[in-house]
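Reading through the structure tokens given below for one structure.
Coordinate-derived values only; no laboratory data. Keep in mind that what you see is a predicted model, and the values were worked out from it rather than measured. FYI the Cβ positions are ideal-geometry reconstructions off the backbone, even for glycines, and counts take in every protein chain you see.
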Amino acid sequence: MSNAVFEALELKPHAYPGVLVTLCGVDGAGKSSLMKKLESACTHAGLNCVTTFTPTSRIRKDALFREMVDSHWHTFKASSEPDASVRRVDMLGILLSIMGDLVQHLTDTVIPALGRGDVVFCDRYVFTSQAEIGTRSDPAATAPVLRSIAGHVLRPDVAFGLNVSGATSHRRVRSRNDVNDQPPPMSFLTRQVAAYRAVFDVNGVVALDGERSIDETYRAAISRIAAIERVAGRLGPIAAEHAAGTLAAC
């Protein structure tokens, strides 16, 4: 990642009756664990919830996308400064693929759920794309493209960003004991962690300390969700008492 400053994304406000909650962070930050607890609490409080993730399986399994991602990763490992023209093509291709998948997923899955009044939890969102591309290249190189597409992406009602150190990310991923899910080198993780923090800051993402216990992180997050007017109105007395731990006990 260069020293270039990330741009704030101008996302599209939505007026659907549902609520969109997004969670971003490096691998091992605790996104899935937090989302599970938040979804459980909201479901027990009587809300209809949908959990999803991006990039979707559709793009993850796409042969051309996999070729671009794998090719870039091999180039990165071979040289810390791959040819600039090749890197730009790779990053634009990857960005366009990911963003196209996100916009399609919003249309197919997220917007219908919001229209029904559901609470939608999305594991990874456009902020992840911005940070990941910025980790691998100069953010300014793809900023115009990202800027133009961002206007078609829904603004979350609350966007959470989980921050952990590179060492914590590395340790947690290693502990999964999955040969197909190994952490990247620490040099890469250091840049990645810095990129995520910068993206969270410039976009006003609600930063959560992923180094803390999942219960502490959960309490900080659920209070933000309970404060959303459309949620608070439906939760009734539960929302009003969340500070005393009523909702956290669900």
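Tabulated values for the structure
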read-out	value
Using a Förster distance of 35 Å, the FRET efficiency for VAL103-SER33 (Cβ separation, nearest 0.05)	0.80
Peptides 191-200, 205-214 ordered by average Cβ neighbours within 10 Å, highest first	191-200, 205-214
Amide H contacts of CYS49 (H built 1.01 Å from N, under 5 Å, at least 5 apart or other chain)	VAL119
Whole-Hz ³J(HN,Hα) from phi, Karplus 6.51 cos²θ - 1.76 cosθ + 1.60, for the stretch 115-127, glycine and proline x	x, 7, x, 6, 8, 9, 9, 10, 7, 6, 8, 4, 5
ARG212 versus VAL145: modelled label distance in nm, points set 7 Å from Cα along the beta carbon direction	3.8
Table column - 3J(HN,Hα) (Hz), the stretch 149-165, Karplus curve with 6.51, -1.76, 1.60, x for Gly and Pro	7, 4, x, 9, 9, 5, 7, x, 5, 8, 10, 9, x, 8, 9, 9, 7
